[in-house]
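Structure record follows, encoded as structure tokens.
The values are calculated or read from the model by the stated rules, or taken from the named source; none is laboratory data. Predicted, not measured: the structure shown is a model, and the values here were computed from it. Because the Cβ atoms are built from the backbone with ideal geometry, glycine has one as well, and the counts that use them run over all protein chains shown. Ligands, DNA and RNA are stripped out before the accessible areas are found, and what is left, the full protein with its side chains, is counted by its heavy atoms. Shrake-Rupley method; radii C 1.70, N 1.55, O 1.52, S 1.80 Å.
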Amino acid sequence: MGRICGLNLSHNGSLAILDGGEVEFYLEEERVSRVKRDRSARTLAAQYLDDDLDVVTICDCYTTYNLEKYILRTKQANEIIDLVKSRGLTLKDYRHRHHECHAANAYYNSGFTDAAVIVMDGKGSLHKHKDLKFCETESIFDVNDGKFESVFRHYSTFWSEDESKKLESPFWDDGNFYSNRTSIGQAYRRVSRYCGFDETDAGKTMGLASYGAAPVDLFEEVNGHSVCSEELSPEGNTTSYTGHPYHPEDLAYRLQKSAENHALYMLEKAYELTGKENFVLTGGFFLNCMSNYELLKTGINLYVDPLAYDGGLAIGSALLEHYENSFPRS
């Protein structure tokens, strides 16, 4: 099996074609539709899904925070799936492996053989635990010669509106952490809205932070893990320690510096769990160049995925298919 097409159906919808494990083509839907961060990938799929392909992989992210958007995204994904099947192509579904697709895109392009991969983003794949639905927000993988071992996952309910589904407190199970707290990516979405930006404009919030000043306290250790403060829950407030609303630049500073501390915490955790000296960073949060610089200053061997956002899932899912089912790495 040589030619694999990967499709990302999350934000920044994208298509990649790999030939023999090498990227032959990559493009994001917004470049042809002129719709910013277009997630549909339908124009690209219609043009590039042909019988020269051996298999097609798909990936997206799980979300139900907006029912209207959830229905639309489900419809768009089903249209792509139907198109793949109508053209007689083999479909491999990686939608349950969002963080592994991020990790694969980053690791296989890092140049490292052994490494710890840290994934931090807004939302990943659905994860069911007992009678609750969670979503992955942070992962750490120990990678040896291309073989991925999950050593830590943080799953969140994201403050379920169903009272019967709410967690009394965060807990650990089988080495994984379960909470109701907002992810680092969703924290930037909320603060970006507060600052008057679009919720996807985390980069503007990062830049605005350089003009502010505030306590660095939006992450706290709860039951043995660093998590977002309850202040960033839907019912939380954005008032300062003086009791008055924050100026946008001060809240941006508060989040940015708190997030940098959390990233350092995750780096230390990755070293503790894997003992690795090479670190690979991916997931939308690691587009945050200021946080990455703080990590770089520790002197570690570091590779940051240039496609750390969901657009890279097209390549990542195809790489997983290539190395796991076609040409295992020797």
key: Rel. contact order, % - alpha carbon contacts under 8 angstrom, at least six apart, the chain   = 22
remark   = Placing each pseudo-label 7 Å from Cα in the direction of the beta carbon, GLN47 and PHE25 end up separated by a distance in nanometres of 0.9
key: Shape category assigned to region 75-148 from the gyration tensor of Cα positions, a/c cut at 1.5   = oblate
remark   = Carbon/sulfur accessible area of the chain, % of total, 1.4 Å probe, equals 47
task = Please provide three numbers in whole Å: the alpha-carbon extents of region 1-129 along the principal axes, with the largest listed first.
result = 42, 39, 31
task = Tabulate in residue order the Karplus-calculated ³J(HN,Hα) for region 113-130, using 6.51 cos²θ - 1.76 cosθ + 1.60 with θ = phi - 60°, rounded to whole Hz; enter x for Gly and Pro.
result = 8, 10, 6, 9, 10, 10, 10, 9, 8, x, 8, x, 8, 5, 9, 9, 9, 6
key: region 204-330: C-alpha gyration tensor shape, a/c 1.5 cut-off, then a/b vs b/c   = prolate
ask   = Under a plain spin-label model, where a point goes 7 Å from the Cα along Cα-to-Cβ, how far apart in nm are HIS129 and GLU199?
value = 2.3
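State in Å² the accessible area per residue of the chain; use a 1.4 Å probe, count heavy atoms of protein chains only, and round to the nearest integer. Working shown, then result.
Values: 14890 Å² over 330 residues.
With all protein chains present, the chain gives 45 Å² per residue.
Above 15 Å lies some portion of the pair distances; for region 210-281, what is it as a whole percent of all C-alpha pairs?
Values: 1541 of 2556 pairs.
Counting pairs separated by more than 15 Å, the tail of P(r) holds 60 percent.
Under the rule of -39500 (n - 2.57) per DSSP H run of 4 or more residues, summed and divided by the residues of the chain, what mean residue ellipticity at 222 nm is obtained, to the nearest 500 deg cm²/dmol? Numbers along the way, then the final one.
Details: 9 runs with 103 residues, N = 330.
So the calculated ellipticity at 222 nm is -9500 deg cm²/dmol.
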ask   = Just how much of LYS85 is accessible, in Å², when a 1.4 Å probe is used and the result is rounded to the nearest 10?
value = 130
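When only C-alpha pairs under 8 Å and at least 6 residues apart count, what is the relative contact order of region 94-181, in percent? Intermediate results must be reported in sequence, preceding the final value.
On the way: 159 pairs, mean separation 18.8, N = 88.
This gives 21 percent for region 94-181.
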key: Lys pairs, region 1-138 - Cα-Cα below 25 angstrom, 8 or more residues apart or on other chains   = 17
